[in-house]
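To keep things clear, I will list the structure first and then write my remarks on it.
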């Protein structure tokens, strides 16, 4: 699997053999925490679609997932996320089902039903 950083606010996931790789257009572009967030959503979406495709005996070699986001302020955070699925070989009558499957991704559901977050800390005495 390959994750390609397409901008500071977007990425693309493509299936490739071998270990997960992350590519950026330049050495100066880092893999930010927001890219990690987008990567988790892209990987989850891809995985549920690929599993469904296998179950339905559909080819998924040309399946790609793009994730982009925009920021909101006060506080600074991701304010909106867009997931785009590209799957040229998927028949047009299968698209409604594929999109329903994509929405089953657990990361997607985590964003739409946010968990509570508790940050804890403790002093370590020497």
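When residue 31 is tested against (1) in a loop (DSSP other than H, G, I, E, B); (2) crowded, with 19+ Cβ neighbours inside 10 Å; (3) within 16 Å of the chain's Cα centre (by Cα), only condition (2) is not met.
Going through region 80-126 one residue at a time, which ones are surrounded by 10 or more Cβ atoms within 10 Å (Cβ to Cβ), in a loop (DSSP other than H, G, I, E, B) and in contact (Cβ under 8 Å) with a residue 24 or more places away in the chain?
Here is the first cut: in region 80-126, the residues surrounded by 10 or more Cβ atoms within 10 Å (Cβ to Cβ) are 81-87, 89-90, 94-95, 97-111.
Those still in the list that are in a loop (DSSP other than H, G, I, E, B) too: 87, 89-90, 103-105.
87, 89, 90, 104, 105 - these are the residues of region 80-126 that are surrounded by 10 or more Cβ atoms within 10 Å (Cβ to Cβ), in a loop (DSSP other than H, G, I, E, B) and in contact (Cβ under 8 Å) with a residue 24 or more places away in the chain.
If I filter region 73-83 for residues that are more than 26 Å from residue 7 (Cβ to Cβ) and touching a helix residue (DSSP H, G or I) at 6+ places or on another chain (Cβ under 7 Å), do I get at least one hit? There is no residue in region 73-83 that is more than 26 Å from residue 7 (Cβ to Cβ) and touching a helix residue (DSSP H, G or I) at 6+ places or on another chain (Cβ under 7 Å).
Residue 41: modelled with pLDDT of 95 or more, surrounded by 17 or more Cβ atoms within 10 Å (Cβ to Cβ) and in a helix (DSSP H, G or I), yes or no? Against the criterion (modelled with pLDDT of 95 or more, surrounded by 17 or more Cβ atoms within 10 Å (Cβ to Cβ) and in a helix (DSSP H, G or I)), residue 41 qualifies.
Among residues of region 44-72 being in contact (Cβ under 8 Å) with a residue 24 or more places away in the chain, touching a strand residue (DSSP E or B) at 6+ places or on another chain (Cβ under 7 Å) and outside any helix (DSSP H, G or I), the one that is farthest from residue 104 (Cα to Cα) is 71.
The values are calculated or read from the model by the stated rules, or taken from the named source; none is laboratory data. On a predicted model such as this, the values are computed, not experimentally measured, just so you know. Quick reminder, even Gly has a Cβ in these numbers, built from the backbone with ideal geometry, and neighbours come from all protein chains shown.
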